Amino acid sequence: MDYESLKLIWWVLIGVLLIGFAVTDGFDMGVGALLRVIGKTDSERRVMLNTVGPHWDGNQVWFITAGGAIFAAWPVVYAVAFSGFYWALLLVLFAMFFRPVGFEYRSKMEDPRWRNAWDWGLTIGGAVPALVFGVAFGNLFLGVPFTLDEFMRSNYTGSFWALLNPFALVAGLVSLGMLAMHGATYLQMRTDGDLHERARKISILLAIVVAVLFAVAGLWIYAGIDGLVITSSINGAAAMTPLDKTVEVAAGGWLENYSRYPVMIAAPVIAFAGLLLTVLMSAANRGALAFIGSSLAVTGIICTAGFSLFPFIMPSSLNPAYSLTVWDVVSSHKTLGIMFWVAMIFVPIILLYTTWGYYKMRGRLTTAFIEDNKYSTY
Amino acid sequence: MISESLVDLSRLQFAITAMYHFLFVPLTLGLSFILAIMESAYVMTGKQVYQDMVKFWGKLFGINFALGVTTGLTMEFQFGTNWAYYSHYVGDIFGAPLAIEGLMAFFLESTFIGLFFFGWDRLTRVQHLMVTWLVAIGSNMSALWILIANGWMQNPVGAEFNYETMRMEMTNFSEVIFNPVAQVKFVHTVSAGYVTGAMFVLAISAYYMLKKRDLPFARRSFAIAASFGFASIISVIILGDESGYEIGDVQKTKLAAIEAEWHTQEPPADFTLIGLPNQETMETDYAVKIPGALGLIATRSLDEEVVGIKDLLQEHELRIRRGIEAYALLEKMRRGDKSDPTIAAFDALKDDLGYGLLLKKYTNNVVDATEEHIKQAAQDTIPKVAPMFWAFRIMVGLGFLMLILISLSFYYSTQHSVETKTWLLKALIIALPAPWIASEVGWFVAEFGRQPWSIAEVLPTHLSVSTRSVDDLYMSLAGFIGFYTLLLIVEMYLMIRFSRLGPSSLHTGRYHFEQTHSAGAAVAQPQQAIKDQA
């Protein structure tokens, strides 16, 4: 396959992995974030944890694989973004530390202080990464203060605190809200009784909040944030580095794709439709459909961000010409080709056995079940 | 210029987090297979005790696995956060096995581990057995891809420098996969993991035997671990990765340092069993030598030489000088001279470019390097001999110690007399840390011995770091040390608690602390423990 197509395909594939992460690991992070909010008793919290118990670990591999795929397919992005967003990433990492140990260790002791401490850990492990991912995405729209030298060594000059600007915080709340909502719709499917009722109510609330914040972010970009446009001609079939192009700042640049490729409007439409579906189906007490709604919303929101930035991945605010794009951050033609086939073979296999796993563990969990199996469940 | 302390702190952070991660990895590799074997016995015989074994050792497996997952995340992030230039420079090759590891192995392991713990009532016996085997296979395949990545750092085959993108690019994927260094490392590392799993089960079962409780459970666990461990320790020693040390320049240097081989000897070279290596005089004081043994071990022949440090040093100096020329040509090309003669001249020298980059530690402008700089850079290519020499001997010594213990365990276990050999049972408990120490010093030899390179002959460690401040590194390091210490305390606490409790922690009513007839003073305290844990 030719290099140009592979570059585009890898943009799609990384997107697929990120969406896979948000749609699967997203709901168990959401469950973590809501653990103390809607789980009132120890048994209820255990129900919540056990709905994701057999799955969170596999789900998290979407995240790990997305990281590995960025390393393999977009090494420049991996290098510049991970070293630039140093503290943001370490914050995500340290928050995520709480998850494997939290799930595994929490219910191994009965002491309420022990359990309470791990519940906080699991809350942090669910909420903080969700927030930080959104904040990072928000900053991409504003541009990130990095530059590259002639040997492709990157240098990031911003601070961690500069990431926490108002627009990025809105983006962070969109992300946190959507994953919490997604966790809540999952809980609607997998629980009953009071917990189920609370999950239903909070799903509706969160879907409305996310819709408002997502609209605010969109209007903010429309009204107040300049985008970027590549002004030199790009030969997609050639090996390029981010040093090989010219870029201009343009008002409304982040919305240009929607007039150039009108089909992309589908993304925000799906996002809002998914949110509406979540509200309606939660109100109608149709948990599975509400979960489909929130999955669509998550997918639509991530696609909207990706489509708006395209072909940019990580704009530079210091030197827009050095911004990272899908054309100039990729691995060699050979590596992209090999990795494409690896993904084509293994992603379907993964989907197959993951589905089997969910199928085998399906059904609602009750507090009675937890109490009967208190030594063999989380 | 990149500060020395930034480089040292980045290295320290990687060393600490990687070695910490590897406290949990070998047990996962070994115990997962032991669980699969136990469950196979359960499915074949239908005896309840085997299922209890899978569930109990599975509990301990879970406590360990959680930290393996936690600390593995760090490794995934760290190449990007702390080693950004490395990631850019070799991501084209190095990233691929990491991504494949996720897709092919880690997904498998992580998806099925959930079914392993929670699927007992949802799956048929055979389905659950299959799940357990897939966890074991997944974790071991995971090790394969990680070691392919690591093997490539030691011996970077199948790749070439591209001056237009300023990085290494893949030329031959199958060379990367079938890298002999990676293959040898894989077998050695997973076998060491199997030994770790076996020693773990042996020591804890020995404890139950000494306490005279849950004997049928302990006996069967012991027998499985002893036979599995016996096969594994033989494979670790015979397939020791020394055979991988004759491939590639940096591997040769490592071998010379491990063996304190200062001078090239007439083949077959003598083996220095023990002595005091002296880096200043380039001699080993008080050396005790075994004639011909090094040649035999390292080259598997009588007539091939094992190159000594002094000769390697000279060779490296020559390559540094050629590296300077390569660097000058690279600068010319980066400035726009892409004429055929320039490119041809660069191509002839580009294998030595990495040696030229070693000078970046001393001067920003490699072309202006002084004789003094060149001598210093050449010296840098020889790792410190004494730590290599000793670390290797500790690893091998522990390996033979475990060979003896496991062989005896296996023998007495087949004779059904192991319970009477209390000295052996006690020795097994005392020796429990041995596999971990051996693994850690083994990794030390492999990675400390790779210095000054992050990618052998291609990219110096010094250049590989991210452009971050020293303060960033201090703070993140402090964070890791604090967090990891806390996690280790919690993990050890749970591990010891559940090991002491034994299969009674399953609450089946079949084991020691749940038997009412065993009431007595000695039971009172663990009874309390049973109530505390859920």
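The values are calculated or read from the model by the stated rules, or taken from the named source; none is laboratory data. Computed from a predicted model, the values in this text were never measured in an experiment. Neighbour counts run over all protein chains shown; Cβ positions are idealised from the backbone, glycine included.
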Original post:
Which of (1) buried (at least 24 other Cβ atoms within 10 Å of the Cβ); (2) of a type in the set (G, A, S); (3) more than 9 Å from chain A (Cβ to nearest Cβ) does B:A143 not meet, given it meets every other one?
Top reply: (1)
Original post:
Between residues in the stretch B:208-233 that are closer than 17 Å to B:Q48 by Cβ and residues that are among the aromatic types (F, W, Y), which pairs lie under 6 Å by C-beta distance while being six or more apart or on different chains?
Top reply: B:D214/B:Y208; B:D214/B:Y511; B:A218/B:Y208
Original post:
Among the residues of the stretch B:170-195 satisfying the criterion of being within 14 Å of another protein chain (Cβ to nearest Cβ) and surrounded by fewer than 20 Cβ atoms within 10 Å (Cβ to Cβ), which is farthest from B:F33 (Cα to Cα)?
Top reply: B:T171
Subject >> Condition broken by A:G67, with the remaining ones in (1) at the interface with chain B (Cβ under 7 Å from one of its Cβ atoms); (2) in a helix (DSSP H, G or I); (3) touching a residue at least 40 places away in the same chain (Cβ under 8 Å) satisfied >> reply: (3)
Original post:
Do you know which of the residues in the stretch A:27-64 that are within 11 Å of chain B (Cβ to nearest Cβ) and not in a helix (DSSP H, G or I) is nearest to the chain's Cα centre (by Cα)?
Top reply: A:H55
Original post:
Can you find a residue in the stretch B:59-67 that is among the basic types (K, R), in contact (Cβ under 8 Å) with a residue 12 or more places away in the chain and more than 14 Å from chain A (Cβ to nearest Cβ)?
Top reply: no
**OP:** Spot the failing condition for B:T165; the list is (1) crowded, with 19+ Cβ neighbours inside 10 Å; (2) modelled with pLDDT of 95 or more; (3) not in a helix (DSSP H, G or I), and only one is missed.
**Re:** (2)
**OP:** Might you let me know whether the stretch B:204-218 holds any residue that is within 30 Å of A:I338 (Cα to Cα), in a helix (DSSP H, G or I) and β-branched (V, I, T)?
**Re:** no
**OP:** Go through (1) away from chain A (no Cβ under 14 Å); (2) of a type in the set (S, T, N, Q); (3) over 24 Å from the mean Cα position of the chain (by Cα) one by one and return the number of the condition B:S469 breaks.
**Re:** (1)
Original post:
Condition test on A:L122, is it in a helix (DSSP H, G or I), more than 10 Å from chain B (Cβ to nearest Cβ) and over 20 Å from B:G72 (Cβ atoms)?
Top reply: no
Subject >> Per-region count, the stretch A:70-79, residues more than 7 Å from chain B (Cβ to nearest Cβ) and either acidic (D, E) or closer than 12 Å to B:Y85 by Cα (or both) >> reply: 1
Original post:
Has the stretch B:104-124 got at least one residue that is outside any helix (DSSP H, G or I), aromatic (F, W, Y), more than 7 Å from chain A (Cβ to nearest Cβ) and touching a helix residue (DSSP H, G or I) at 6+ places or on another chain (Cβ under 7 Å)?
Top reply: yes
Original post:
Counting only residues that are among the hydroxyl-bearing types (S, T, Y) and more than 8 Å from every other protein chain (Cβ to nearest Cβ), which one in the stretch A:337-358 is surrounded by the fewest Cβ atoms within 10 Å (Cβ to Cβ)?
Top reply: A:T355
Subject >> helices (runs of 4 or more DSSP H) wholly inside the stretch B:266-359 containing at least 1 residues that are among the β-branched types (V, I, T) >> reply: B:293-299, B:309-334, B:340-349
Subject >> the stretch A:82-96, residues that are touching a helix residue (DSSP H, G or I) at 6+ places or on another chain (Cβ under 8 Å), part of a helix (DSSP H, G or I) and either more than 7 Å from chain B (Cβ to nearest Cβ) or within 24 Å of A:Y375 (Cα to Cα) (or both) >> reply: A:W87, A:A88, A:L91, A:V92, A:A95
Original post:
Based on what the data block shows, is A:E150 over 27 Å from A:H182 (Cα atoms), at the interface with chain B (Cβ under 10 Å from one of its Cβ atoms) and among the acidic types (D, E)?
Top reply: yes
Original post:
Looking only at the stretch A:142-160, which residues are more than 16 Å from B:S464 (Cα to Cα) and crowded, with 23+ Cβ neighbours inside 10 Å?
Top reply: A:V144, A:F146
